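Notes follow the structure.
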Amino acid sequence: MNTTLPASPRAWAAAGLIATLAGLAVGHLAAALTEPRSAPLSALSDAVIAVVPLEVSHWFIDLVGTADKPLLITGLGLGVAAAGAAIGALRRTRPWPARAAVVALAAVGAAAAATRPGLGAAAVVPSLLAGALAFAGLEWWARAGRDAESGTRRRFLLVAGGVGVAALVGSWWASRVGPAAIEADRDAVALPEADVPATEPGPVADFEVEGLSPYRVPNGDFYRIDTAITVPRIDVDSWRLRVHGMVDRERTYTFDDLLGRELIERDITLACVSNPVGGDLVGNARWLGVSLAELLAEAGPDPAADQLVSRSDDGWTAGSPSELVFDGRDAIIAVGMNGEPLPVDHGWPARLVIPGLYGYVSATKWLTELELTTFDAYDAYWITRGWSEPRPIKTASRIDTPRSRASGGTVAVAGVAWAQHRGISAVELRVDDGDWRPCELSDVATGDTWRQWRLEWDAEPGEHTLTVRATDGEGEVQTSEEQGVIPDGATGLHSVTVSVE
Ligand SMILES: Nc1nc2c(c(=O)[nH]1)N[C@H]1C(S)=C(S)[C@@H](COP(=O)(O)O)O[C@H]1N2
Ligand SMILES: [Mo]
């Protein structure tokens, strides 16, 4: 039995969809084998992030929080798939416009990839390959669909579907063990012991209350914030750190150069300027690395250079006040985090950590360049997008437990407070409209980390509001005035409503 009837528009749309998905999958495989950031959807998402107006991205991030990037890439994927289906339907009656649309789509992907900072002309290959495959698939279908027997159409489905699935499996494999996989390199690095170990905070750094953030957050739980859709995968052997700009002599360092220097270890709390009151975009870790100030000094910085611009492999930049880098604080080029080489998501193979500054003006991951310049001469990534020039981290405190309910009797109320570099000297808790009650504070070694606090509360049944506030190391009490995160960090007091049984 044969079906020589022309295929329905719906069948053409399905064919367009399948050819497009197969093309995308092959493009993805090509990228996974070479440079994951050049995958069509990754490159497109990156480009969208780069060009979308500020108001739109702020609105979107407000709406969906850290789900912004997965949602963006999924949305773009659905968009491209829908375009593929539409092109399939169009191809049925108007072959040339449909062909042109495939070419245009591939060109957009290629242009997005080639213009990503740090990627070159070769980055066009995955998108062009994806386009070529979708194009060929559709041509084949057109022949099969016009006058073919159902067997030919079935063959189309099998082949296109098979190519797509095989390419997806291949990319998954390539991302784990292929040439662009770097986990193995990272696993192979044995970090030397610190020459100058971190000062231990004391016997009670951790109150170990259920629900309370640990003093040091394990790498797997550490918050992650960056603009990278696909994180840079850096080959550590060819990685270089270049120091240039307003210096007497440019310098370049390899990863081994860093490991061969004096390694210091410090507990430092990172915080994101976009952390809302009570939010969790903050964490403390033990960093191992080299002194940023000492390394920069070797280049002979010009005293007039008031800004240190740090640049990431993917082109992201942060601008930090040179004055703070050189004022004796423990600014570090970190290669280790909590006893391991830096995780890929946290900047492998090297990143900056400068105590007392928000991440967007200091904590460059996948670090490749340090440039001494001035604030007049250059605005870093987030400065051009509405965030303020570097200002001190605002004193903040958070209630970790209880968050919503508790059983009556004695309840351990506990949380963390931070005001990096100034330190925390007191934390107080208020129950309903009562007096501020002083809390017990954990041991800390420096003012560069957060500090745990706790209070035993005799909880009466009913609904209660708990509010916390901290005082920094300079005696300044945290403000209750509410401000949003833009432009220089949120203020206000964290409160939770707890129902006590
Ligand atoms: N390359 C790069 N580094 C970056 C960023 C980025 O987008 N790209 N974001 C910064 C911001 S805003 C913060 S808060 C910290 C977060 O570091 P983490 O992801 O290790 O917690 O990294 C900083 N370093
Ligand atoms: Mo951030």
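Since every read-out is calculated from the coordinates, none of them should be taken as a lab result. The structure presented is a predicted model; accordingly, all values stated were derived computationally and were not measured. Counting neighbours? That spans all protein chains shown, and the Cβs are built from the backbone with ideal geometry, glycine included.
Numbers below:
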{"quantity": "Convex hull per residue volume in Å³, alpha carbons only, for region 9-177", "calculated": "116"}
{"quantity": "Virtual spin-label span in nm between GLU460 and THR199, 7 Å along Cα→Cβ", "calculated": "4.4"}
{"quantity": "Helix 40-51 vs. the chain, principal-axis angle (Cα, 0 to 90°, nearest 10)", "calculated": "50"}
{"quantity": "Karplus 3J(HN,Hα) series, Hz, for region 195-206 with 6.51 cos²θ - 1.76 cosθ + 1.60 (x for Gly, Pro)", "calculated": "6, 10, x, 5, 6, 5, x, x, x, 10, 6, 10"}
{"quantity": "Residues VAL416, VAL196, VAL273 arranged by fewest to most Cβ contacts within 10 Å", "calculated": "VAL196, VAL273, VAL416"}
{"quantity": "Distance from region 332-409 to region 445-499 (C-alpha centre basis), Å", "calculated": "21"}
{"quantity": "Alpha-carbon Rg/Rh ratio, for region 219-385, with Rh computed the Kirkwood way", "calculated": "0.93"}
{"quantity": "Efficiency of FRET between ALA377 and ARG154 - r from beta-carbon atoms, R0 56 angstrom, step 0.05", "calculated": "0.30"}
{"quantity": "Taking LEU138, LEU466 and counting other C-beta atoms within 10 Å, the order from fewest to most", "calculated": "LEU466, LEU138"}
{"quantity": "ALA184 paired with ALA82, simple spin-label distance in nm, labels 7 Å along Cα-to-beta-carbon", "calculated": "4.1"}
{"quantity": "Per residue convex hull volume, Cα atoms of region 94-167, in Å³", "calculated": "75"}
{"quantity": "Gain upon complete extension [GLU440, ARG224; 0.36 nm per residue less C-alpha separation]", "calculated": "74.8 nm"}
{"quantity": "Cα long-axis angle, helix 68-93 against the chain (0 to 90 degrees, to the nearest 10)", "calculated": "10"}
{"quantity": "Distant-in-sequence amide H partners of THR401 (H built 1.01 Å from N, under 5 Å)", "calculated": "ALA414"}
{"quantity": "Dipole-positive endmost among TRP316, VAL80, LEU90 within the chain (Cβ charges, Cα centre)", "calculated": "LEU90"}
{"quantity": "Rounded to the nearest 20 debye, dipole of the chain from Cβ charges on Lys, Arg, Asp, Glu", "calculated": "3660"}
{"quantity": "Taking N as its residue count, the alpha carbon Rg of the chain over 2.2 N^0.38 Å", "calculated": "1.16"}
{"quantity": "Ranked LYS394, LYS69, LYS365, criterion: other C-beta atoms within 10 Å, fewest first", "calculated": "LYS69, LYS394, LYS365"}
{"quantity": "Inter-label distance, nm, simple model (7 Å from Cα along the C-beta direction), SER495/VAL477", "calculated": "1.6"}
{"quantity": "Mean residue ellipticity (222 nm) of the chain, computed from DSSP H runs ≥ 4 via -39,500 (n - 2.57), nearest 500", "calculated": "-11000 deg cm²/dmol"}
{"quantity": "Coordinate range along principal axes, alpha carbons of region 419-501, Å, largest first", "calculated": "40, 32, 18"}
{"quantity": "With Cα atoms, 0 to 90° folded angle of helix 95-114 axis to the chain main axis", "calculated": "30"}
